[in-house]
Amino acid sequence: MGFLGGVSWAILVARICQEYPNASASTLVTKFFKEYNMWKWPNPIMLRELKDCHFNLPVWDARVNLADRSHSMPIITPAYPMQNTAFNVTPSTLAIMKEEIQRGHTIAGWSQLFEKPNFLRS
């Protein structure tokens, strides 16, 4: 509850791949954490421009819809009708995700990034 699902993560990754189409996998991982560490939320993540096909379906658009302005972490689907896949993100869950993205950004090497977590340590 309040965290991102698979579609949201896929859109985040796809945006980095759009920005750096010829980058290696290791560069994409580095760019992912760097860009989202600096991202100014609630600026939306979009893979393409907002488009309303006028089929009378609700489309996410913070310029028009007051409710859309309150979303903490808008990650918008690229297909019509464009919707926010992260509508359930709260300020507290956004803060947690930002901390983890920052932690990912500060990790120096691949070995640290894929280190096994020790959940039972005291």
Ser26 accessible area, assembled protein chains, probe 1.4 Å, Å²
50
For region 1-105, what percent of Cα pairs sit more than 16 Å apart?
60
Just flag the trypsin sites (Lys or Arg not before Pro) in region 40-81 sitting in loop per DSSP whose Cβ has no more than 10 other Cβ atoms within 10 Å.
Lys40, Arg63
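Taking all protein chains in place and a 1.4 Å probe, what share, in percent, of the accessible surface of the chain do carbon and sulfur account for?
Carbon and sulfur atoms account for 59 percent of the accessible area of the chain.
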Rank these residues by their accessible area, most exposed first, probe 1.4 Å: Trp60, Trp41, Trp9.
Trp9, Trp41, Trp60
The long-range amide H neighbours of Ile75, using H built 1.01 Å from N in the peptide plane and a cut-off of under 5 Å, are Ile45, Thr85, Ala86
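Calculate, in nm to one decimal, what Glu100 and Leu57 gain on full extension: separation in residues at 0.36 nm each, minus their alpha carbon distance.
Result for the pair: 12.0 nm of gain on full extension.
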DSSP loop GluC sites (Glu not before Pro) in region 1-102 with at most 12 other Cβ atoms within 10 Å of their Cβ, which ones?
Glu49
Please work out the Cα convex hull volume for region 1-57 and give it in Å³ per residue.
127
Cross-link pairs beyond the 19 Å C-alpha cut-off, checked among Lys31/Lys116; Lys34/Lys98; Lys40/Lys98:
Lys31/Lys116
So with the 1.4 Å probe, I'd like the accessible area per residue for the chain, rounded to whole Å².
69
Measure off 7 Å from each Cα along the Cα-to-Cβ vector at Leu66 and Thr90, then give the distance between these two points in nanometres to one decimal.
2.3
Going residue by residue through region 53-58, the Karplus relation 6.51 cos²θ - 1.76 cosθ + 1.60 with θ = phi - 60° gives ³J(HN,Hα) values, rounded to whole Hz and with x marking Gly or Pro, of 7, 6, 9, 6, 9, x
Need the C-alpha centroid separation for region 1-65 versus region 77-97, integer Å.
10
How many nm separate the modelled label positions at Ser111 and Ser26, each set 7 Å beyond the Cα in the direction of the Cβ?
1.3
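The values are calculated or read from the model by the stated rules, or taken from the named source; none is laboratory data. Here the structure is a predicted model, which is why all the values come from computation and not from measurement. Because the Cβ atoms are built from the backbone with ideal geometry, glycine has one as well, and the counts that use them run over all protein chains shown. Remember, those area values only see protein heavy atoms, side chains included, never the ligands or the DNA or RNA. Shrake-Rupley method; radii C 1.70, N 1.55, O 1.52, S 1.80 Å.
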